[in-house]
Amino acid sequence: MSFFARGTSQRTMQRWEFWHKLTHCVDSTDLVFVLITKPRLSAVMSNRPRRKRGAGREAKRAARQQAPTSTAAWIDRKIPHFEVLNDEAIEVIEYNAETVLEEIGIEFREFPPALELFKEAGADVDGERVRFPRGLCRSIIQASAPAEYRQHARNPDRSTIIGGKRTVLVPAYGSPFVRDLDNGRRYATLEDFQNFVKLAYLSPGLHHSGGTVCEPVDVPVNKRHFDMVYSHIKYSDKPFMGSVTAPERAQDTVDMAKIVFGDDFIQQNTVITSLINANSPMTFDATMLGAATVYAENNQATVISPFLIAGAMSPVTVAGTAIQILAEALAGMAYVQLVRPGAPVVFGTFAAAVSMQTGAPTFGTPEPSLIVYVAAALARRLGVPFRSGGGLCGSKIPDAQAAYESANTLQTAALAGVNFMLHTAGWLEGGLTMGYEKFIMDADQANMLALLLEGVDMSENGLAMDAMREVGPGAHFLGSTHTQANFETAFYRSTVADNNSFEQWEEDGSVDAAGRANAIWKQMLNDYEAPPLDPAVDEELLEFIARRKSAFEDRNY
């Protein structure tokens with residue numbers, strides 16, 4: 001044992017002998033073990049001649065990093081929801097939300113059709129303020145809103161179900177800027193938009209193409225929705241979201257979907273899910289109401305989502321914010337059901353906190369997590385699907401802050417029971433920026449969430465009693481029959497993380513996670529192949545877009 005530095009303990013030498021044997025009895029291309037127990041041992045080991053990696057090892061690494069296009073259409077949840085309040089406390093939240101609706105009311109601004117529908121349903125309409133008798137909104141929703149719905153994709157294998165014990169992971173939404181390591185932060189273009197649609201299509205952990213994955217600012221505001229919807233249809237065959245920035249843009253989305261799916265099919269089925277934000281506090285504006293009306297009239301789904309920065313747009317307390325969220329969501333979902341009973345609705349929320357020092361929104365902190373847990377429980381009791389996000393962070397770059405804030409919000413959303421997880425991948429800078437490297441890192445986390453929600457395997461194979469009988473005391477499991485049968489799928493293999501030894505990492509260029517993600521997204525786009533699209537459908541879409549764009553002048557509003 002003269003190999004070891006003087007002072008190395010007997011226990012350390014025994015451990016090293018054990019790992020040395022293991023690394024020689026298994027395929028080194030699949031299993032690498034490194035044990036550093038003392039600085040002096042590390043120093044000795046760093047001077048050992050390194051074995052060069054063969055082409056086989058490089059090929060296997062490349063194969064693991066190449067994202068497959070096959071994917072599950074959703075995650076089937078097999079673990080319980082995490083609850084932070086008991087039923088009695090939830091009932092208090094519900095009671096107070098009804099008080100808000102009854103005493104304070106919700107404003108529906110510059111949209112008389114909503115006021116008329118609510119008046120006919122029995123609400124008290126005073127100007128643009130609508131006050132609801134206790135229980136009215138809930139009864140309207142529970143009478144017709146579906147507990148879950150299928151959103152059809154143009155590839156039937158990609159069609160997803162939103163609601164129940166399912167989780168659908170969706171890219172980030174709405175950023176005017178993009179960022180990557182090569183070009184830094186800049187305004188997003190249509191090429192960037194198309195790139196992110198392609199990356200979402202290639203990411204097996206994402207089940208949905210999303211909506212405004214970034215704002216293509218090189219296209220006029222009043223016409224860019226055509227290019228965005230077309231990009232979702234052309235470059236992906238996963239489900240997508242529609243435009244909500246004007247009622248006529250929502251109608252254009254529906255008309256383009258009719259070209260793909262057929263008019264009759266759309267009236268009987270849902271092919272679009274779109275985001276309708278409340279103008280919190282306690283207000284809906286004409287833009288959102290107009291878009292929601294178009295989608296509801298055509299049997300398309302809407303995510304009715306209060307957009308709250310606690311401390312600015314809602315009270316500073318968790319319970320107070322949850323009360324406001326429920327009141328706003330109830331009013332919005334009730335409106336959709338009055339427009340068309342049975343049109344799918346999702347109880348949405350976006351919750352962050354405001355810094356009391358700077359006024360800036362903060363993410364990944366405990367209070368928004370508690371709000372999401374409470375809101376998820378409220379949605380389950382109401383009997384509708386629930387939306388929240390995602391990989392949220394305030395960091396400007398894909399650094400440690402981005403990682404831990406995003407991990408906090410992703411884990412919260414998964415454990416809370418979110419059905420439609422918007423902003424799963426790519427979010428930076430409080431939503432102002434869509435990051436290429438951040439997208440890849442978040443997509444890796446999305447893969448992990450699927451395994452977490454699968455829960456514990458309690459089958460005969462999962463219990464592994466035969467393995468323990470075979471190995472017995474004092475030996476190891478690496479060569480056992482059970483390990484050999486399961487090693488390919490036993491543990492998640494990250495496409496981004498580096499778990500090699502320090503020496504190997506250094507030899508490979510000392511690349512950090514962002515650098516590895518940079519190489520991955522470039523390779524994915526290089527290898528991308530568009531899913532098949534009927535040429536006749538493609539031609540009709542392009543003709544529709546050209547005709548509609550020529551009908552009015554460019555405007556940047």
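Readers should treat all values here as calculations from the given coordinates under stated rules, not as data from a laboratory. These figures come from a predicted structure and were not determined experimentally. Please note: Cβ atoms are built from the backbone with ideal geometry, for glycine as well, and neighbour counts cover all protein chains shown.
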Quiz item: Any idea what the relative contact order of the stretch 167-316 is, in percent, if you count C-alpha pairs under 8 Å spaced at least 6 apart?
Solution: 19
Exercise. Work out how far the C-alpha atoms of the stretch 64-200 reach from end to end along every principal axis, then list the three figures in whole Å, largest first.
Key: 57, 40, 32
Exercise. Neighbouring Cβ atoms within 10 Å as the yardstick, rank Lys119, Lys238, Lys396 fewest first.
Key: Lys119, Lys396, Lys238
Quiz item: If you take the Cα Rg of the chain and divide it by 2.2 N^0.38 Å, with N the number of residues, what do you get?
Solution: 1.08
Quiz item: If you count the DSSP beta bridges with both ends in the chain, what percent of them are antiparallel, to the nearest 5?
Solution: 40
Practice problem: With only Lys, Arg, Asp and Glu charged, each at its Cβ (+1 for the first two, -1 for the last two), find how big the charge dipole of the stretch 94-253 is about the Cα centre; round to the nearest 20 debye. | Solution: 660
Self-check item: Kirkwood-Stokes translational diffusion coefficient of the stretch 126-213, alpha-carbon pairs, 10 °C, 1.306 mPa s, µm²/s
Solution: 95
Self-check item: Extreme residue, positive dipole direction of the stretch 210-298, given options Tyr235, Val221, Asn298 (C-beta unit charges)
Solution: Tyr235
Practice problem: Could you grab the Rg to Rh ratio for the stretch 217-328? Cα atoms only, Kirkwood for Rh. | Solution: 1.05
Quiz item: How large is the dipole of the chain about the Cα centre if only Lys and Arg carry +1 and Asp and Glu carry -1, each at its Cβ, rounded to the nearest 20 debye?
Solution: 2020
Self-check item: Listed residues Val418, Gly364, Leu378: farthest to the positive end of the dipole of the stretch 362-503 (Cβ charges)
Solution: Leu378
Quiz prompt | Relative contact order, percent, the chain [alpha-carbon distance under 8 Å, six or more residues apart] | solution = 17
Quiz prompt | Given charges at Cβ of Lys, Arg, Asp, Glu: the chain dipole, positive-most of Gly211, Tyr149, Val197 | solution = Val197
Quiz item: Listing Met434, Met421, Met448, Met468 from the residue with the fewest other Cβ atoms within 10 Å to the one with the most, what is the order?
Solution: Met468, Met448, Met421, Met434
Quiz item: In degrees between 0 and 90, to the nearest 10, how far off the longest principal axis of the chain does helix 87-99 point, with axes built from Cα atoms?
Solution: 30
Quiz prompt | Exposure proxy ranking, count of Cβ atoms within 10 Å, fewest first, for Phe82, Phe284 | solution = Phe82, Phe284
Practice problem: Show which aspartates and glutamates lie in cross-link reach of Lys522 when reach means a straight Cα distance below 20 angstrom and same-chain residues fewer than eight apart are skipped. | Solution: Glu58, Asp180, Asp182, Glu191, Asp192, Asp399, Glu437, Asp442, Asp444, Asp498, Asp508, Asp512
Exercise. Quick one: grab Rg to one decimal and Dmax as a whole number for the stretch 484-556, Cα atoms only, in Å.
Key: 22.9, 65
Self-check item: Distribution of pairwise C-alpha distances over the stretch 408-557, 5 Å bins, in %
Solution: 2, 6, 9, 10, 11, 13, 14, 12, 8, 5, 3, 2, 2, 1, 1, 0
Quiz item: Which value, in debye to the nearest 20, describes the size of the charge dipole of the stretch 415-503 about its Cα centre when Lys and Arg Cβ atoms bear +1, Asp and Glu Cβ atoms bear -1, and nothing else is charged?
Solution: 100
Quiz item: In vacuo Debye scattering of the stretch 365-496, one point per C-alpha: log10 I(q)/I(0) at q = 0.15, 0.20, 0.21 Å⁻¹?
Solution: -0.80, -1.05, -1.12
